[in-house]
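Notes to accompany the following structure.
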Amino acid sequence: MVWSDLHAKIHRTIRSRHLFEHNQRLLVAVSGGQDSLCLIKLLLDLQPKWGWDLGIAHCDHRWRTDSEANANHVEKLAESLGVSFYLETATQPLNSEAAARNWRYEALSAIAQVNNYQYIVTGHTASDRAETLLYNLMRGTGADGLQALTWRRTLSADILLVRPLLEVTRRQTEQFCQQFHLPVWEDSTNQDVKYARNRIRQELIPYLQTNFNPKVESALAQTAELLQAEVEYLEQAAHKLREEAMEGEVGSKGNGAELRLNRRVLQIAPLALQRRVMRQLLQQILTDAPSFEHIEKLTALIVAPNRSQTDPFPGGAIAQVQGDWICLTTTPNF
């Protein structure tokens, strides 16, 4: 086996960031594209050092006329590598990138659960991280959205999602695939600029590289890395503040309940933490992610006059000021 610089880099990353343990079962998501082929090659070559039991999973969205041929290509690859192969095919139309992503993670989690894999591993790169930061920035988001692609994320009590290539650019995975003559499946939809992420990849990033910073992908990925640590700290601080201010239990989605927050406790906290407390509460009671407007109107009650109240949130929940307290009342079955 040829031990490349990228092999050494990923070996160090896995060890220093404690991404995996030895002798664990890893389910690798392989689309057939250059990033996922680079990933499975690296993990297979590192396998003797770590004792992993590897499996390959492929999700067929049925978006393209060649999707079945793509799935067969990945299956033959897994067979040639002597790796277990799992295929999940969409049975209903997936009308958006978000719907496809949600279905894909659900499918991968189900495969991992049934077959006792502790980790799901994806080939997201520094380039993906840069594109996600730009995409979410233009949609309007806080620090959480800007650092959305993290090294590790819990999918369930038993399964972790891990992304070992977040310090590797797409150019580097391309060079790796060329070096080792890996059979990359070219996805035609990656060139279709009707998708926002493709416009960022094909048009915006090259423009920024040419006119502002040739290494803009790495620079943006580093920004996401810095934000990740800061978001983690702020979330922990907000959770502690929420526990100090809260009286009662917030109801789960569909169950009525009343929650009381002590305004005096919240008033002495920084605005960033006040907003995060309100965001955490709204995440528990709203079906969709809370918007900036939802968070702001709830945060405004911290200093609002007595008896002030919000208009109903989606689903019917209402918050009202009662003296030193913000009372958030949810209605059942919303």
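The values are calculated or read from the model by the stated rules, or taken from the named source; none is laboratory data. Predicted model only: the values in this text are computed from it and were never measured. Using ideal geometry, Cβ is built from the backbone for each residue, glycine included, and neighbour counts are taken over all protein chains shown. Ligands, DNA and RNA are excluded from the accessible area calculation, which covers all protein heavy atoms including side chains. Shrake-Rupley method; radii C 1.70, N 1.55, O 1.52, S 1.80 Å.
Picking from GLU230, GLU203, GLU217, GLU186, which residue would you name as being farther than 30 Å from ASP60 by Cα and acidic (Asp, Glu)?
Values: GLU203 fails: farther than 30 Å from ASP60 by Cα; GLU217 fails: farther than 30 Å from ASP60 by Cα; GLU186 fails: farther than 30 Å from ASP60 by Cα.
Going through GLU230, GLU203, GLU217, GLU186 in turn, the sole match is GLU230.
Checking the conditions here, which among ARG139, ARG153 is surrounded by fewer than 20 Cβ atoms within 10 Å (Cβ to Cβ), more than 28 Å from HIS18 (Cβ to Cβ) and within 19 Å of the chain's Cα centre (by Cα)?
Working: ARG153 fails: more than 28 Å from HIS18 (Cβ to Cβ).
The match here is ARG139.
Which one of LEU155, LEU182 is modelled with pLDDT of 95 or more and of a type outside the set (Asp, Glu)?
On the way: LEU155 fails: modelled with pLDDT of 95 or more.
Going through LEU155, LEU182 in turn, the sole match is LEU182.
Would you point out the residue of the range 82-115, among those that are open to solvent by 70 Å² or more (accessible area, probe 1.4 Å) and part of a helix (DSSP H, G or I), that is nearest to TYR195 (Cα to Cα)?
Of everything passing the filter in the range 82-115, ARG101 is nearest to TYR195 (Cα to Cα).
Listed here are the residues, each with its yes/no results for (1) among the acidic types (Asp, Glu); (2) under 30 Å from SER80 (Cβ atoms).
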{"position": "VAL162", "(1), (2)": "no, yes"}
{"position": "GLN175", "(1), (2)": "no, yes"}
{"position": "VAL184", "(1), (2)": "no, yes"}
{"position": "SER188", "(1), (2)": "no, yes"}
{"position": "GLU203", "(1), (2)": "yes, no"}
{"position": "ASN213", "(1), (2)": "no, no"}
{"position": "SER218", "(1), (2)": "no, no"}
{"position": "GLU230", "(1), (2)": "yes, no"}
{"position": "GLU247", "(1), (2)": "yes, no"}
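Quick check, is PRO183 surrounded by fewer than 15 Cβ atoms within 10 Å (Cβ to Cβ), of a type outside the set (S, T, N, Q) and under 19 Å from GLY33 (Cβ atoms)?
Numbers: surrounded by fewer than 15 Cβ atoms within 10 Å (Cβ to Cβ): yes; of a type outside the set (S, T, N, Q): yes; under 19 Å from GLY33 (Cβ atoms): yes.
For PRO183, the condition - surrounded by fewer than 15 Cβ atoms within 10 Å (Cβ to Cβ), of a type outside the set (S, T, N, Q) and under 19 Å from GLY33 (Cβ atoms) - is met.
Looking at the range 56-71, is at least one residue open to solvent by less than 60 Å² (accessible area, probe 1.4 Å), among the aliphatic types (A, V, I, L, M), assigned to a strand (DSSP E or B) and touching a residue at least 12 places away in the same chain (Cβ under 8 Å)?
Yes, that holds for at least one residue.
Just give me the residues in the range 289-313 being without any contact (Cβ under 8 Å) to a residue 24 or more places away in the chain and more than 31 Å from the chain's Cα centre (by Cα), in sequence order. It would help to see each step written out before you state the result.
We begin by selecting, within the range 289-313, every residue without any contact (Cβ under 8 Å) to a residue 24 or more places away in the chain; these are 289-291, 293-297, 300, 304-312.
Within the range 289-313, ALA304, PRO305, ASN306, ARG307, SER308, GLN309, THR310, ASP311 qualify.
Going by the structure shown, is VAL321 touching a helix residue (DSSP H, G or I) at 6+ places or on another chain (Cβ under 6 Å) and at pLDDT 95 or above?
On the way: touching a helix residue (DSSP H, G or I) at 6+ places or on another chain (Cβ under 6 Å): yes; at pLDDT 95 or above: yes.
Against the criterion (touching a helix residue (DSSP H, G or I) at 6+ places or on another chain (Cβ under 6 Å) and at pLDDT 95 or above), VAL321 qualifies.
Taking the range 198-235 as the search range and keeping residues that are charged (D, E, K, R) and touching a helix residue (DSSP H, G or I) at 6+ places or on another chain (Cβ under 7 Å), which one is surrounded by the fewest Cβ atoms within 10 Å (Cβ to Cβ)?
Step one: of the range 198-235, the residues charged (D, E, K, R) are 199, 201, 203, 215, 217, 225, 230, 232, 235.
Keeping just the survivors that are touching a helix residue (DSSP H, G or I) at 6+ places or on another chain (Cβ under 7 Å) gives 201, 217, 230, 235.
On the way: ARG201: 21, GLU217: 22, GLU230: 11, GLU235: 15.
Filtering first and then ranking leaves GLU230.
Identify the residue in the range 11-24 that is over 20 Å from the mean Cα position of the chain (by Cα) and not acidic (Asp, Glu) and, among all such residues, is surrounded by the most Cβ atoms within 10 Å (Cβ to Cβ). Steps first, please.
Step one: list which residues in the range 11-24 are over 20 Å from the mean Cα position of the chain (by Cα), which gives 11-12, 15-16, 21-24.
Going one step further and asking which of them are not acidic (Asp, Glu), we end up with 11-12, 15-16, 22-24.
Numbers: HIS11: 17, ARG12: 11, ARG15: 12, SER16: 8, HIS22: 8, ASN23: 9, GLN24: 15.
The extreme case among them is HIS11.
Which condition number in (1) at pLDDT 95 or above; (2) open to solvent by less than 20 Å² (accessible area, probe 1.4 Å) is the one that PHE313 fails?
Here PHE313 clears every test but (1).
Counting only residues that are open to solvent by less than 60 Å² (accessible area, probe 1.4 Å), farther than 22 Å from ILE268 by Cβ and in a loop (DSSP other than H, G, I, E, B), which one in the range 280-310 is modelled with the lowest pLDDT?
LEU286
List the pairs whose first member sits in the range 222-237 and is aliphatic (A, V, I, L, M), whose second member is not in a helix (DSSP H, G or I), and whose Cβ atoms are under 7 Å apart, counting only residues at least 6 apart or on separate chains?
So the pair list comes out as ALA224/GLN147; ALA224/LEU149; LEU227/GLN147; VAL231/GLN147.
With the requirement that a residue be more than 20 Å from ALA238 (Cβ to Cβ) and of a type in the set (Ser, Thr, Tyr), what does the range 277-309 give you?
Correct list: THR287, SER308.
If I ask for residues that are surrounded by fewer than 16 Cβ atoms within 10 Å (Cβ to Cβ) and among the β-branched types (Val, Ile, Thr), which ones from the range 258-279 would you list?
Across the range 258-279, the qualifying residue is only ILE268.
Scanning for something open to solvent by 30 Å² or more (accessible area, probe 1.4 Å) and touching a helix residue (DSSP H, G or I) at 6+ places or on another chain (Cβ under 7 Å), does the range 121-135 turn up at least one residue?
Taking the range 121-135 and keeping what is open to solvent by 30 Å² or more (accessible area, probe 1.4 Å), we get 124, 135.
Okay, now just the ones that are also touching a helix residue (DSSP H, G or I) at 6+ places or on another chain (Cβ under 7 Å), so 135.
Yes: one or more hits.
So, in the range 25-53, exactly how many residues are part of a strand (DSSP E or B) and open to solvent by 10 Å² or more (accessible area, probe 1.4 Å)? Break it down into steps so the answer makes sense when it comes.
Keep residues of the range 25-53 that are part of a strand (DSSP E or B), which gives 25-29, 53.
Narrowing the set further to residues that are open to solvent by 10 Å² or more (accessible area, probe 1.4 Å) leaves 25, 29, 53.
Adding up the residues that qualify gives 3.
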